[in-house]
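Only one structure is covered here, and it is reproduced in the block below.
The values are calculated or read from the model by the stated rules, or taken from the named source; none is laboratory data. All figures in this text were calculated on a predicted structure; none of them were measured in a lab. Cβ: placed from backbone, ideal geometry, glycine included. Neighbour counts: every protein chain shown. Ligands, DNA and RNA are excluded from the accessible area calculation, which covers all protein heavy atoms including side chains. Shrake-Rupley method; radii C 1.70, N 1.55, O 1.52, S 1.80 Å.
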Amino acid sequence: LHNAACYWRHVPLIALLLLAIALPAWAGDPCFDLSTRIAEPPRPGLPLPPSGSDVSDAGQKGELVWAQRRGVVRRPIEKLRAFLEDPRNFKDEQVAEMTLTPLPSGPQLERHRVRSLVRPFPFVTVEWTDEWATTLVAGTPARPDVLVVAYQKVAGTSYIAHFCGTLVLTRIDDHTTDVAQYEEANITGRSHDDMKRGLAEFVDTMRSLP
């Protein structure tokens, strides 16, 4: 879920030049139709661990890497939703420009696109666009009990050939949320261990919210 910009610093300069100049932009294969309700992640979720600690898994199939994580976050589901729907919370320091475009929500609670642009080196500019949507699965908009926040890359650099994920938020009580994360990608230089660490860091961020 971390902004893809955090991986640019690990990509060789020659690769960046080729990606920025020689390769065409490509949307990649979508995971979802975000104009419709997304009620579950593309991969079955992990069971909630009884001990209160997190459980995680990761793997690779061909060029596609994936990771998932599940655990309890002692923050209200409403606070986590507000955090996830604000793209400024995912803006890496390397992102030079970020543009938010609201979209018709349709059956979703909220839907938008985020265009990100990085300049990793002089005269090298790379950009991509992600789409985000929040689906109410159970409860009401004012008091959600289960939400699915889905996101995917829809346009931009071929460096990110495929990228998507979900967060399933389930109310345990008014102050505690069960958070199940899933992410899959084909990104130059990114391994499933990178993705697994990224999910762990992200859930730590949610746990540190005021």
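Computed quantities for the displayed model
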quantity: Residue check for ALA138: open to solvent by less than 20 Å² (accessible area, probe 1.4 Å), hydrophobic (A, V, I, L, M, F, W, C) and under 25 Å from ILE77 (Cα atoms); calculated: no
quantity: Those residues of the stretch 184-207 which are part of a helix (DSSP H, G or I) and of a type in the set (S, T, N, Q), in sequence order; calculated: THR205
quantity: Scope the stretch 98-155; condition at pLDDT below 95, among the hydroxyl-bearing types (Ser, Thr, Tyr) and outside any strand (DSSP E or B); matching residues; calculated: SER105
quantity: Selected residue (criterion: surrounded by the fewest Cβ atoms within 10 Å (Cβ to Cβ)) from residues of the stretch 27-65 that are touching a Lys or Arg at 6+ places or on another chain (Cβ under 7 Å) and within 12 Å of THR166 (Cα to Cα); calculated: GLY45
quantity: Tabulated pairs, the stretch 167-179, first farther than 22 Å from ALA133 by Cα and among the charged types (D, E, K, R), second surrounded by 14 or more Cβ atoms within 10 Å (Cβ to Cβ) and modelled with pLDDT of 95 or more, C-beta under 7 angstrom, 6+ apart or interchain; calculated: ASP174/PRO76
quantity: All positions within the stretch 105-123 that are in contact (Cβ under 8 Å) with a residue 40 or more places away in the chain, over 16 Å from ILE160 (Cβ atoms) and not basic (Lys, Arg); calculated: GLY106, PRO107, GLN108, PHE121
quantity: Those residues of the stretch 141-160 which are open to solvent by 10 Å² or more (accessible area, probe 1.4 Å), in contact with a Phe, Trp or Tyr (Cβ under 7 Å, 6 or more places away or on another chain) and among the aliphatic types (A, V, I, L, M), in sequence order; calculated: ALA155
quantity: Residues (closer than 18 Å to ASP29 by Cα, in contact with an Asp or Glu (Cβ under 7 Å, 6 or more places away or on another chain) and in a strand (DSSP E or B)) located in the stretch 156-183; calculated: GLY156, HIS162, CYS164, GLY165
